[in-house]
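K.L.:
Attaching a single structure in structure tokens format; questions to follow.
Any read-out appearing in this document is the output of simple, stated calculations on the displayed coordinates, not a laboratory observation. Predicted, not measured: the structure shown is a model, and the values here were computed from it. Neighbour counts are summed over all protein chains in view; Cβ atoms, including those assigned to glycine, are modelled from backbone coordinates with ideal geometry.
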Amino acid sequence: MGKSLYAKLEEASVELIGTVFTELLTGEILTSPMPEGGTFHFAREFDELCALSSDETVKVGDLLRRLRALSFPPYRNAYFMEGGRRVYVDISLDEEKPSL
């Protein structure tokens, strides 16, 4: 999921640049201030999100959503500890194809 969402955002970015390319070159593009607020996250917070605990109680749907979001090849994000070492988890979901 994470990788496919990224690909969609990348494609939309290319389309957007194409629509304003002339304005970018001539300096005539309209600007607008960034909205106030938002959030900031430290790298350690992402590491905490990536760490899976076998002691954690979680609904299957919540776990699948989390793993889908963290599955972003070639990056190794989700992991659990075994024998003092990280074991990385990467999932791939494959929908059943309709029969003809």
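K.L.:
Over the chain, how many percent of alpha carbon pairs lie in each 5 Å bin up to the one with the longest distance?
P.N.:
2, 9, 13, 15, 15, 13, 10, 9, 7, 5, 2, 0
K.L.:
Could I ask something else about it? What FRET efficiency would be calculated for the residue pair residue 80, residue 60, taking the C-beta separation as r and a Förster radius of 22 Å, to the nearest 0.05? Could the numbers behind the result be given before it?
P.N.:
Details: r = 16 Å, r/R0 = 0.74.
In this case the efficiency is close to 0.85.
K.L.:
How long is the gain from residue 36 to residue 95 if the chain were fully straight, where each residue apart is worth 0.36 nm and the alpha carbon distance is subtracted? Intermediate results must be reported in sequence, preceding the final value.
P.N.:
Working: separation 59, 0.36 × 59 = 21.24 nm, distance 4.07 nm.
Result for the pair: 17.2 nm of gain on full extension.
K.L.:
Most exposed first by the Cβ proxy, i.e. fewest other Cβ within 10 Å, how do 91, 17 rank?
P.N.:
On the way: 91 13, 17 10.
Ranking 91, 17 by Cβ neighbours within 10 Å, fewest first, gives 17, 91.
K.L.:
For the modelled label position 7 Å from the Cα of residue 10 along Cα-to-Cβ, which residues of segment 51-68 have backbone nitrogen atoms closer than 19 Å?
P.N.:
Flagged as within label range: 68.
K.L.:
How large is the dipole of the chain about the Cα centre if only Lys and Arg carry +1 and Asp and Glu carry -1, each at its Cβ, rounded to the nearest 20 debye? Before the final figure, lay out each step's value.
P.N.:
Details: 11 positive and 17 negative charges, 77 e Å.
Dipole of the chain, to the nearest 20 debye: 360 debye.
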